[in-house]
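Following: one structure in structure tokens, then a few remarks.
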Amino acid sequence: MGLSQTTLILICFVLLVYIAFIITVSYTTGALRNVLDQYLNLDSALYNLISTGTDYIHQADTGKTTSTILLNGQNFSKNQIMLIADSTPYASKGHIAVTFPCNKKNPAQPIFQVLVGRAPDLFAMPLGYLQAISSAPNMCVYHGQFGFGDPVTDVALKYTGEGNLILKGPYSVVITTQEAYIPKAKSFEELQHSQMSK
């Protein structure tokens with residue numbers, strides 16, 4: 001009789017543990033699914049904010065890349081354009097820092113423009129002069145942000161100085177991009193590519 005009661009108690013205990021385990025697994029799976037749903041909703045909201053917001057301020061390094069382009073030995077004539085980046089169809093927000101020969105008349109006014117946008121619609125971005133790390137009159141450093149408004153897929157340099165210029169020295173462009181996204185409206189280049197493939 002004693003063995004039978006012990007067996008019955010043991011079976012009841014095992015059943016209770018099994019029921020507790022099933023309840024715990026069901027609760028944990030539901031909670032995990034809820035956390036994943038919240039994460040996907042936040043990710044979708046962040047994508048919409050980045051791709052449509054003109055007043056978005058960068059908070060994290062999402063897909064950050066840095067490219068350095070050396071300009072030593074490049075030849076330019078007035079109003080000549082050199083394409084230095086094209087990420088079509090992806091647009092991005094980012095920062096650019098450039099070193100150029102100084103404008104002898106006014107070092108704060110660069111002899112190059114940095115053009116940004118979606119080709120062929122490019123516009124000159126405002127550049128800030130970094131006097132503290134420039135060595136006028138030989139080398140001046142400028143910088144600026146792009147893509148925090150209209151989408152930017154293309155970056156180009158345009159020489160606006162007088163006469164011809166051969167760059168002899170440690171001149172460069174450093175582009176840091178982040179938060180790549182596909183703009184809602186197709187660019188001229190994408191539309192042209194789709195027509196060419198027909």
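Remarks
- Verdict on Ala136 being among the aliphatic types (A, V, I, L, M) and at pLDDT below 95: yes
- For Glu162, the requirement of being more than 12 Å from Gly94 (Cβ to Cβ), in contact with a Lys or Arg (Cβ under 7 Å, 6 or more places away or on another chain), of a type in the set (Asp, Glu) and at pLDDT 75 or above is met.
- Cross-chain or 6+ apart pairs with Cβ under 6 Å, segment 133-154 first and assigned by TED's automatic domain parsing to the domain that holds Arg118, then assigned to a helix (DSSP H, G or I) and of a type in the set (Val, Ile, Thr): Val141/Ile133
- Leu16 meets the conditions (1) modelled with pLDDT of 75 or more; (2) outside the structural domain of Gly149 (by TED's automatic domain parsing); (3) under 28 Å from Gln131 (Cβ atoms) in every case but one. The failed one is (3).
The values are calculated or read from the model by the stated rules, or taken from the named source; none is laboratory data. Quick caveat: nothing in here was measured; it's all calculated off a predicted structure. Here the Cβ is made from the backbone with ideal geometry for all residues, glycine too, and neighbour counts use every protein chain on show.
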